[in-house]
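The values are calculated or read from the model by the stated rules, or taken from the named source; none is laboratory data. What you see is a predicted model, and the numbers here were worked out from it, not measured in a lab. Cβ placement follows ideal geometry from the backbone for every residue including glycine, while neighbour counts extend to all protein chains displayed. Side chains included, ligands, DNA and RNA excluded: accessible areas come from the protein's heavy atoms. Shrake-Rupley method; radii C 1.70, N 1.55, O 1.52, S 1.80 Å.
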Amino acid sequence: MSLFATSPARAIFAPALVVMFCAMHGTGMAVAAEQSAPPDFAKLIVPVLKDKCFGCHGGDKPKGDLSLETLAVDFEKEGETWKTVYEKLSDGSMPPKGKPQPTPEQRRLVSTWVAGQLTAHARVETAKNGRARIRRLNRIEYINTLRDLLGAEIDPEQLPEDGVAGGFDNVDAALDLSSSLLGSYLETIDAALQAAMHPGRRPETTKRHIEFAALGRQMTKTNRPMPRLGTSTLVRDNEVIFTSAGNIEKPVLDAMAATTGLYRFRLSAHAVNTGKPMTLLIYTGNYGRGVQGLLTRPVEMIDVPETPGVVEFTVPLVAKESISMSPYGLGNVYTKVADDFNGPAFSVNWIEVEGPLIEAWPPEPSVRLLGDVDLSKAGEAEAEKILRKFAPRAFRRPVRDAELEPFMALMKSRLEKGYSVEAALRVGLTGILCSPDFLYLSATPGKLNDFDLASRLSYFLWSTMPDDALMELAGKGELAKPEILRRQVERMLNDPRSHKFTENFTGQWLSLRNLKATIPDKKTYPDFDEWLMFSMPRETYGFFEEILRNDRPVTEFLVSDWSMLNERLAELYGVPDVHGSALRKVVLPAGAHRGGVLTQAAVLKVTANGTNTSPVVRGAWVLDHLLGTPPPPPPKDVPAIEPDIRGAKTIREQLTKHRAIERCANCHAKIDPLGNALENFDVIGGWREAYRVPPDNSRQRVKVNTYQGKDRPVGRGPAVDAADQLPDGRKFATVDDLKALLMADSEQVARALTQKLLVYATGHRLEFGDQESVTALLAAAKSKNYGFRSLIHELVQSPTFRSK
């Protein structure tokens with residue numbers, strides 16, 4: 001069966017989509033004319049290469065399969081190879097130690113020549129074809145845009161994950177369009193149009209009040225624990241006291257969401273015998289009522305007071321979902337509780353559920369799509385009006401009649417075949433939403449027009465289509481004016497939608513999307529819990545937004561004397577006097593070994609594997625993500641290092657042996673010291689003086705405190721040795737010393753972040769010619785103390801951002 005044969009829309013659009021796809025990916029390729037070698041190449045450059053390089057990279061068997069002796073001076077075909085030559089010469093890694101070295105003047109001469117040729121070639125290509133290619137909306141951008149156009153709430157799992165290039169999933173080179181993806185698009189479009197065109201009657205907003213104690217008394221004549229509320233409970237007067245986290249959700253499950261939407265919960269509760277407020281982790285899920293079984297996800301953390309009071313929170317629920325609550329400090333051990341129990345517990349009087357909360361009906365996207373048109377009574381004229389109004393919003397620019405004609409023709413052909421007005425209109429709308437003008441961000445080479453600028457800006461800072469304000473300014477031809485553009489960037493950064501920038505940029509720049517890829521071993525890390533997991537990325541997001549909001553120097557991403565902590569993170573970090581679930585800016589005490597993203601729990605977890613840490617993995621991460629100098633992949637014929645910290649030998653000893661391999665020495669001299677400096681941090685980001693091992697693997701045991709307030713034994717392994725030296729000979733003893741050394745070249749930290757931002761903002765990998773733009777941005781940002789907000793303003797105003 002054809003991929004497109006499962007619905008009328010797919011059957012209609014199969015041929016059209018193939019034509020559109022081929023038009024976008026035509027076979028005609030412009031090939032630049034071969035560049036000739038400059039006059040001084042043979043006279044000045046070849047002698048240096050012959051004297052210092054041909055010995056290894058020449059002859060019949062050149063090292064690394066790279067022959068500089070036969071390398072063509074053709075920057076169209078061999079640009080990447082020449083770029084590697086430039087990088088190796090510039091950073092001093094080639095020629096390797098022990099081989100004849102060029103003089104500083106010779107190294108500068110060759111590097112400058114190669115850089116000049118690469119830059120000249122990049123300028124020619126950019127002038128001819130533009131810097132960035134046409135690129136597809138990635139999965140997140142597509143979902144957000146359909147939501148803003150039609151009010152559709154789409155599960156990201158309905159669409160395949162995007163490819164990654166240059167470290168990000170919004171880069172043109174990685175965003176292909178396959179027949180399978182087109183089929184997924186049609187599925188989502190069908191559902192989105194159905195919801196937008198038929199919002200139905202306004203869902204009834206209801207309020208349900210649940211008295212916990214009353215529920216218990218309905219089931220028993222005594223105040224003993226009730227089967228309905230489970231064990232580990234007591235009923236006293238008008239409250240139910242829970243001494244375990246396990247069954248708190250049961251009374252709430254009767255208040256399932258009737259329809260999908262936002263729900264408000266009000267909870268009358270307090271902490272018992274804790275001496276401080278109690279933190280609740282709120283989950284949403286179907287709790288076994290769905291065909292897929294138990295599906296839950298943490299969505300919020302709240303605090304309940306020590307004295308009886310009411311707390312309120314709102315959460316989105318899917319139909320038939322409800323919430324559960326898990327108090328921090330209570331375990332899941334079910335026991336019978338005596339009437340005179342006086343230990344720590346959680347008391348609930350009542351809970352109130354109201355929803356779905358609806359601001360307006362019909363929903364605003366439906367009103368914008370249909371206006372006051374009644375589809376059951378509409379004619380062709382009304383359908384044409386809807387298409388004409390919809391296309392400019394979907395294409396994010398004005399649409400000429402000639403561009404709209406194919407979609408009008410599709411609709412009219414269905415009307416002629418006897419389709420209803422609504423069915424024919426759906427065909428026209430589906431055509432628009434499958435068009436390259438919707439699915440792709442494109443522009444002609446050169447300076448962006450105002451509408452293309454609006455789209456680039458909006459997808460950069462909001463990961464969605466431009467709003468009315470941007471489109472209005474673009475329509476007036478005013479958006480590109482520097483002062484107006486600056487004001488719009490300020491408006492967008494102050495808008496809650498900019499949190500998408502935080503999540504999507506930080507999630508990839510710092511690898512936070514991989515946070516759930518591993519789960520720490522329970523025997524070795526019994527102190528890892530869901531409260532910590534929930535808090536980890538929020539510290540980093542909050543840290544990022546604090547720097548952005550207050551225009552703090554980007555160097556604080558490496559070194560700062562503060563972070564964004566709540567009680568759970570502060571416990572892990574050993575920072576005193578931080579209480580409650582809310583993240584807040586906390587000045588770090590002396591000796592905390594924290595500050596900057598490098599020592600945040602989220603980053604330390606994603607650079608570990610759940611069982612142990614590897615200096616190689618962490619060192620390579622620092623080089624790539626924070627310093628912008630990623631190491632090359634390891635040689636294929638060199639075996640990977642298998643960490644073994646059971647006492648036979650340490651990872652440090654293994655790395656020392658590995659670095660003795662000549663082919664590995666140069667790279668590991670850069671990688672390993674950075675990773676060794678982080679060895680005092682375990683796989684969940686806690687500080688350690690010695691490695692942890694499972695308790696059964698060690699004669700020595702230490703106790704760690706778990707979220708249940710109990711001490712659990714873990715094994716003590718070898719002592720950690722974090723001291724090392726950088727390739728230039730500078731030594732350090734701790735991670736604090738290392739960060740101080742790296743801050744000596746603070747511009748490198750700023751440069752690395754600028755490069756990442758430029759890739760993300762323009763949707764195109766860095767090319768050699770982009771270094772001129774990066775240098776100009778750094779010069780402008782330096783005058784403003786490398787302020788992060790100032791850097792974003794400079795980037796948006798730059799010719800690179802404002803050009804294709």
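Inspect region 403-426 for any residue being crowded, with 17+ Cβ neighbours inside 10 Å and in contact with a Pro (Cβ under 8 Å, 6 or more places away or on another chain) and give the result as yes or no.
no
Would you point out which residue out of Ala37, Ala11 is open to solvent by less than 80 Å² (accessible area, probe 1.4 Å), closer than 30 Å to Ser435 by Cα and either at pLDDT below 50 or in contact with an Asp or Glu (Cβ under 8 Å, 6 or more places away or on another chain) (or both)?
Going through Ala37, Ala11 in turn, just one is open to solvent by less than 80 Å² (accessible area, probe 1.4 Å), closer than 30 Å to Ser435 by Cα and either at pLDDT below 50 or in contact with an Asp or Glu (Cβ under 8 Å, 6 or more places away or on another chain) (or both): Ala11.
Can you say whether Leu569 is modelled with pLDDT of 95 or more and surrounded by fewer than 20 Cβ atoms within 10 Å (Cβ to Cβ), as far as the supplied structure shows?
Answer is no for this residue.
What single numbered condition from (1) in a helix (DSSP H, G or I); (2) open to solvent by 10 Å² or more (accessible area, probe 1.4 Å) fails to hold for Phe505?
(2)
Tell me, please, whether a residue that is surrounded by fewer than 21 Cβ atoms within 10 Å (Cβ to Cβ) and assigned to a strand (DSSP E or B) can be found in region 575-584.
So far as region 575-584 goes, yes, one or more of its residues are surrounded by fewer than 21 Cβ atoms within 10 Å (Cβ to Cβ) and assigned to a strand (DSSP E or B).
Might you check whether a residue that is under 30 Å from Gly163 (Cβ atoms), out of contact with any helix residue (DSSP H, G or I) (no Cβ under 6 Å at 6 or more places or on another chain), open to solvent by 30 Å² or more (accessible area, probe 1.4 Å) and modelled with pLDDT of 95 or more occurs anywhere in region 546-558?
no
Please indicate, with yes or no, whether at least one residue in region 80-96 is at pLDDT below 85, more than 41 Å from the chain's Cα centre (by Cα) and either within 29 Å of Ala669 (Cα to Cα) or surrounded by 14 or more Cβ atoms within 10 Å (Cβ to Cβ) (or both).
Within region 80-96, not a single residue is at pLDDT below 85, more than 41 Å from the chain's Cα centre (by Cα) and either within 29 Å of Ala669 (Cα to Cα) or surrounded by 14 or more Cβ atoms within 10 Å (Cβ to Cβ) (or both).
Counting only residues that are assigned to a helix (DSSP H, G or I) and either free of Cβ contacts under 8 Å to residues at least 12 places away in the same chain or within 26 Å of Glu794 (Cβ to Cβ) (or both), how many does region 530-570 have?
Here the count works out to 14.
Among all residue pairs at least 6 apart or on different chains, which show Cβ distances below 6 Å where the first residue, located in region 608-625, is farther than 21 Å from Pro694 by Cβ and the second is open to solvent by 30 Å² or more (accessible area, probe 1.4 Å) and part of a loop (DSSP other than H, G, I, E, B)?
Pairs that qualify, where the first residue is farther than 21 Å from Pro694 by Cβ and the partner is open to solvent by 30 Å² or more (accessible area, probe 1.4 Å) and part of a loop (DSSP other than H, G, I, E, B), are Ala620/Pro631; Leu623/Thr629; Leu623/Pro630; Leu623/Pro631; Asp624/Pro630.
Do you know which of the residues in region 762-786 that are open to solvent by less than 40 Å² (accessible area, probe 1.4 Å) and under 22 Å from the mean Cα position of the chain (by Cα) is farthest from Arg491 (Cα to Cα)?
Here the answer is His764.
Do we find a residue being modelled with pLDDT under 95 and of a type in the set (Val, Ile, Thr) anywhere in region 446-466?
Scanning region 446-466 turns up no residue that is modelled with pLDDT under 95 and of a type in the set (Val, Ile, Thr).
Consider only pairs whose beta carbons are under 9 Å apart and that are at least six residues apart or on different chains; among these, list those whose first residue lies in region 50-66 and is under 16 Å from Lys88 (Cα atoms) and whose second residue is polar (S, T, N, Q) and not in a loop (DSSP other than H, G, I, E, B).
Here the result reads Lys52/Gln106; Leu66/Thr81; Leu66/Thr84, each pair linking region 50-66 to a residue that is polar (S, T, N, Q) and not in a loop (DSSP other than H, G, I, E, B).
For Ala132, all conditions in the list (1) buried (at least 20 other Cβ atoms within 10 Å of the Cβ); (2) closer than 26 Å to Ile189 by Cβ; (3) at pLDDT below 80 hold save one; what is the number of the exception?
Single failed check for Ala132: (2).
Return yes or no: is Thr518 out of contact with any His (no Cβ under 9 Å at 6 or more places or on another chain), within 28 Å of Gly787 (Cα to Cα) and hydroxyl-bearing (Ser, Thr, Tyr)?
no
Exactly one condition in (1) closer than 14 Å to Ala761 by Cβ; (2) in a helix (DSSP H, G or I) is not met by Glu490; state its number.
The number of the failed condition is (1).
Cβ contacts < 9 Å: first residue touching a residue at least 24 places away in the same chain (Cβ under 8 Å), restricted to region 301-313; second residue exposed (fewer than 14 other Cβ atoms within 10 Å of the Cβ) and outside any loop (DSSP other than H, G, I, E, B), any location; separation 6+ or different chain. Result?
Once the first residue is touching a residue at least 24 places away in the same chain (Cβ under 8 Å) and sits in region 301-313, its partners that are exposed (fewer than 14 other Cβ atoms within 10 Å of the Cβ) and outside any loop (DSSP other than H, G, I, E, B) give Ile302/Glu312.
With Tyr334, Tyr328 as the choices, which residue is open to solvent by 70 Å² or more (accessible area, probe 1.4 Å), of a type in the set (Phe, Trp, Tyr) and modelled with pLDDT under 90?
Tyr334
Mind checking which residues of region 68-124 are among the acidic types (Asp, Glu) and in a loop (DSSP other than H, G, I, E, B)?
Glu69, Asp74, Glu76, Glu78, Asp91
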